[in-house]
Every structure is written in structure tokens, then in C-alpha cells.
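Peer 1: Below is the structure I would like to discuss, written out as C-alpha cells.
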Amino acid sequence: MSEDTKIDEAQCCCGQVSLKFTGGPKKVLACSCDYCQRRTGSIIQFSAWYTADQIVSQTGEVKHYQGPNNPGVDYMFCPECGSTVYWEIPGLTALYGSRLYGVAVGNFADRDYPQPTMENFVSNRHHWLGDVGTEETNAEVSPFIVEALQAGMSD
Ligand SMILES: [Zn+2]
Ligand SMILES: [Zn+2]
């Protein structure tokens, strides 16, 4: 199956929420900021970004919350099992020109999933953690995300 026709399916732990995308992720990011660590319970967070027109199907009920330390981000989670499956940064929609969905890479449970190309908050990485191998690293948040968060808050 080619990358164009491959379906990437993200599911919560219990399977109640499912999202299927086609065309592969636009970007895959890694982040080690304190907020991402607490939100995921993992020492590094991996997110994949898709545009709304890549959604093939979406099932299940989600609840959402605005990140208190990330006011420009709206997180969607399964009310049954608590998995955060995807999120939106409204400001990114304005900058990117299309509605974007961030999806937790772990929810694909696909060991052949593309590796991240950008890592943020490298300065906050656990001391023993090796290089993730991204093309771009930022000591803290990438300027693009800062711009998107500010754009979302000024709406
Ligand atoms: Zn669930
Ligand atoms: Zn983060």
C-alpha cells in the first residue's frame, strides 16, 4: 500500500474513539516540556499533524479541555478511558490555511509510523534520554508554535 492510500487509524485505549486519516501526517513532532510530560504521563510527547480534509472517518464521543498552561490548545479525550486522542490549536488554522489536528502518535500503535522531524524543549529532556534523531531541534518551543498560540489567543 502506498503512502497516499495508507489509512492511519488512531484509537483511545478502550476503542470508543477512532479517527482515520489518509495521505500520511503533514508533520511529526516531539516535545519534552513539563506540560506535555504531565499531560501524557510520558517523558516525551509525540504528535502527528493532519489537515481536516485528510479525515476518512471519526467515531466516538469526546470531551475536551483548554490546556491551562497552553491556553491556545483544545484537547479532546475519551470520557470512558481518559486517553487524549487529538487536539487543535485554533491559531494554527489561521497560519496554515486549513484546520489542523494534532494526534498522539502512540494512539496509532503503529511501529512503522514516520519518525518525528522536529523536537521541542530539548533543554528539558531527561538526562539519560538519547537523541530522537529529528532534523530540527529547538531548546524550547518552536517559533512557529509560539506564533500559532498567539494568533489563537488574539481571536
Ligand atoms: Zn476510550
Ligand atoms: Zn510540550
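What follows is calculated from the coordinates using simple rules that are stated; it is not laboratory data. Fair warning: this is a prediction, and the values are worked out from it, not measured in the lab. Note: ideal-geometry Cβ built from the backbone for every residue, glycine included; neighbour counts use all protein chains shown.
Peer 1: Does Trp87 count as within 16 Å of ligand 2 (Cβ to nearest atom), surrounded by 21 or more Cβ atoms within 10 Å (Cβ to Cβ) and within 23 Å of Met118 (Cβ to Cβ)?
Peer 2: Taking the combined requirement at face value, the residue satisfies it.
Peer 1: Among the strands (runs of 3 or more DSSP E) contained in segment 1-106, which hold 1 or more residues that are within 16 Å of ligand 1 (Cβ to nearest atom) and not polar (S, T, N, Q)?
Peer 2: Per the criteria, 7-11, 18-22, 63-66, 74-77, 84-88, 100-104.
Peer 1: Can you report the number of residues in segment 43-71 which are closer than 21 Å to Cys81 by Cβ, out of contact with any Asp or Glu (no Cβ under 9 Å at 6 or more places or on another chain) and within 11 Å of ligand 2 (Cβ to nearest atom)?
Peer 2: 3
Peer 1: So is Pro114 away from ligand 1 (no atom under 16 Å from the Cβ), under 15 Å from Cys31 (Cα atoms) and surrounded by fewer than 17 Cβ atoms within 10 Å (Cβ to Cβ) or not?
Peer 2: Against the criterion (away from ligand 1 (no atom under 16 Å from the Cβ), under 15 Å from Cys31 (Cα atoms) and surrounded by fewer than 17 Cβ atoms within 10 Å (Cβ to Cβ)), Pro114 does not qualify.
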